[in-house]
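**Student:** The structure's right below; bear with me while I get my questions together.
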Amino acid sequence: MRFGVALCIMLIAATLRASPHKKAGRQAQLAHHSVVAVGAKLMQCYPDFIIGYSRNCIIWKDSTRMPYEVAERHATFADAVDNPCLADQFSQKYPKGILKANPAKGADPGRIRYEPFFYKMYGKDQAAVRKNLTEVVWCPKLVGQKILVTKVNGVDKKIRAISRELDRHPELKPYLTDIGGTFCWRNINGTNRQSAHSFGTTIDLNVKWSAYWQWDCKCTDEDANLGYRNRIPQTIVDIFEKNGFIWGGKWYHYDTMHFEYRPDLL
Ligand SMILES: [Zn+2]
């Protein structure tokens, strides 16, 4: 895929440059991609919402022109996470499939979210999001837990497809029981950022088998030095990715229970 290849080349080029902020160690960079590449991908992934793009805008079905790239680049990764523009949201390549190495420092593809994009698509407040939610019985054979997810962009249908496929893997049952959560209107712990769980597009698997960077470092410091760990089997990751979900286990700030509908990154 041309977009994927271009992203990959730009990311490699960006990674090869020495970071001005860190003296040692692998450090992931942010690389803005053209509005043409990102706009085309968004139109393909979200046809109910995104109908075009122009010089520096994404064009929504209701004619809203959402600015793509702001002039100023961020001095630090923490600043990009806290105050991103839409271009930042697509600035890191998500590595589909088996991870070849632990994520480099600051490699969090999908963790940077330009919040107005999500509010506009899934609901601007809790009441608006709730109107779009529907109940799904998660893994009816193995688990049978009722969960709430959004119908927007057919996320409920994707979750049902994932659930059906996982239900054929009894060996995975421990990871799939006691779902940690789906919809919850809240901020990310220790931040003013809206959690992706607020939009009904996200599912956390069994907390018992999960690793989360904040639990390990007992901190919320984005610049903390973290040691990666994971116990979630690759089969689960592959089934989610096949259906348009990214996995928080591919982030330097790892969150291995977390899967989120972001087909534009895959
Ligand atoms: Zn989560």
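**Student:** From the phi of every residue in region 161-166, what ³J(HN,Hα) in whole Hz does the Karplus formula 6.51 cos²θ - 1.76 cosθ + 1.60 yield, where θ is phi - 60° and glycine or proline is x?
**Tutor:** Listing the rounded values in order: 5, 5, 4, 4, 5, 5 Hz.
**Student:** Mind running the shape call on region 44-122? Use the C-alpha gyration tensor, a ≥ b ≥ c as the square roots of the eigenvalues: rounded below 1.5 for a/c, prolate if a/b tops b/c, oblate otherwise.
**Tutor:** Note, shape of region 44-122 comes out oblate.
**Student:** Okay, next question. May I ask you to order 168-175, 94-101, 246-253 by the average number of other C-beta atoms within 10 Å around their residues, highest value first?
**Tutor:** Ranked by mean Cβ neighbours within 10 Å, highest first: 246-253, 168-175, 94-101.
**Student:** Please list, in chain and number order, the residues 5+ apart from SER195 or on another chain whose amide H is under 5 Å from its amide H, with Hs placed from the backbone.
**Tutor:** For SER195, whose amide H was placed from the backbone, the distant partners under 5 Å are ARG186, ASN187, ILE188.
**Student:** Students often check this: by mean Cβ neighbours within 10 Å, which of 144-156, 123-135, 105-117, 254-266 ranks highest, and how do the rest follow?
**Tutor:** So the peptides 144-156, 123-135, 105-117, 254-266, ranked by packing, come out 254-266, 105-117, 144-156, 123-135.
**Student:** Which of CYS57, CYS217, CYS45 ends up with the largest GNM mean-square fluctuation for the chain, with Cα atoms connected below 10 Å?
**Tutor:** CYS217
**Student:** Cα gyration tensor of region 2-265, axes a ≥ b ≥ c as square roots of the eigenvalues: rounded (a/c below 1.5), prolate (a/b > b/c) or oblate?
**Tutor:** Because a/c hits 1.5 or more and a/b fails to exceed b/c, region 2-265 counts as oblate.
**Student:** Still on this structure: Taking the Cα centre of region 2-265 as the origin and placing charges on Cβ (Lys, Arg +1; Asp, Glu -1), which of ASN243, GLY181, VAL149 is farthest toward the positive end of the dipole?
**Tutor:** Of the options given, the answer is ASN243.
**Student:** Quick one: what are the phi-derived ³J(HN,Hα) couplings along region 207-220, Karplus 6.51/-1.76/1.60 with θ = phi - 60°, whole Hz, x for glycine and proline?
**Tutor:** Once rounded to whole Hz, the list reads 4, 4, 9, 9, 10, 9, 4, 5, 5, 6, 8, 6, 7, 10.
**Student:** Let me make sure I get this right: for region 108-266, a, b and c are the square roots of the gyration tensor eigenvalues over alpha carbons, sorted descending. Under 1.5 in a/c it's rounded, otherwise prolate if a/b > b/c, else oblate. Which is it?
**Tutor:** Oblate shape, in that a/c is at least 1.5 and b/c is the bigger or equal ratio.
**Student:** Another question about this same structure. Given bins 5 angstrom wide, list per bin the percent of all Cα-Cα distances in region 84-159, short to long.
**Tutor:** Taking all Cα pairs of region 84-159, the binned fractions are 3, 13, 15, 14, 16, 18, 14, 5, 0 percent.
**Student:** Once amide H atoms are placed 1.01 Å from N in the peptide plane, what residues at a sequence separation of 5 or more from TYR53, or on another chain, have their amide H within under 5 Å of its amide H?
**Tutor:** Amide H neighbours of TYR53: ILE59.
**Student:** Calculate the FRET efficiency for GLN44 and LYS173 from the Cβ-Cβ distance with a Förster distance of 30 Å, rounded to the nearest 0.05.
**Tutor:** 0.30
**Student:** Helix-only estimate, please: 222 nm mean residue ellipticity of the chain, summing -39500 (n - 2.57) across DSSP H runs of length 4 or more and dividing by its residues, to the nearest 500.
**Tutor:** It lands at -8000 deg cm²/dmol.
**Student:** Here's another thing I want to ask about it. Determine the relative contact order of region 182-263: mean sequence separation of Cα pairs under 8 Å and six or more apart, normalised by residue count, in whole percent.
**Tutor:** 30
**Student:** Determine the sum of side-chain charges near ASP82: Lys and Arg each +1, Asp and Glu each -1, restricted to other residues whose C-beta is under 10 angstrom from that of ASP82.
**Tutor:** -1
**Student:** Turning to a different aspect of this structure: Tell me which of CYS45, TYR114, PRO170 sits at the most positive position along the dipole axis of the chain, charges placed on C-beta atoms (Lys, Arg +1; Asp, Glu -1).
**Tutor:** Farthest towards the positive end: PRO170.
**Student:** With an 8 Å Cα cut-off and a minimum separation of 6 or more residues, compute the relative contact order for region 137-221 in percent.
**Tutor:** Relative contact order, region 137-221: 27 percent.
**Student:** Full-extension gain between ASP223 and ASN83, please, as 0.36 nm times their residue separation minus the C-alpha to C-alpha distance.
**Tutor:** 48.8 nm
**Student:** State, as an integer percentage, the relative contact order of the chain based on alpha-carbon contacts under 8 Å between residues 6 or more apart.
**Tutor:** Over the chain, the number comes to 16 percent.
**Student:** How far is the Cα center of region 158-180 from the Cα center of region 84-150, in Å?
**Tutor:** If you average the Cα positions of each part, the centres end up 18 Å apart.
**Student:** Once you've got the Cα coordinates, tell me which of LYS124/LYS173; LYS61/LYS105; LYS105/LYS157; LYS151/LYS242 are over 29 Å apart.
**Tutor:** Going by Cα-Cα distance, LYS124/LYS173; LYS61/LYS105; LYS105/LYS157 fall outside the 29 Å limit.
Coordinate-derived values only; no laboratory data. All figures in this text were calculated on a predicted structure; none of them were measured in a lab. Glycine also receives a Cβ, built like all others from the backbone with ideal geometry; neighbour counts cover every protein chain displayed.
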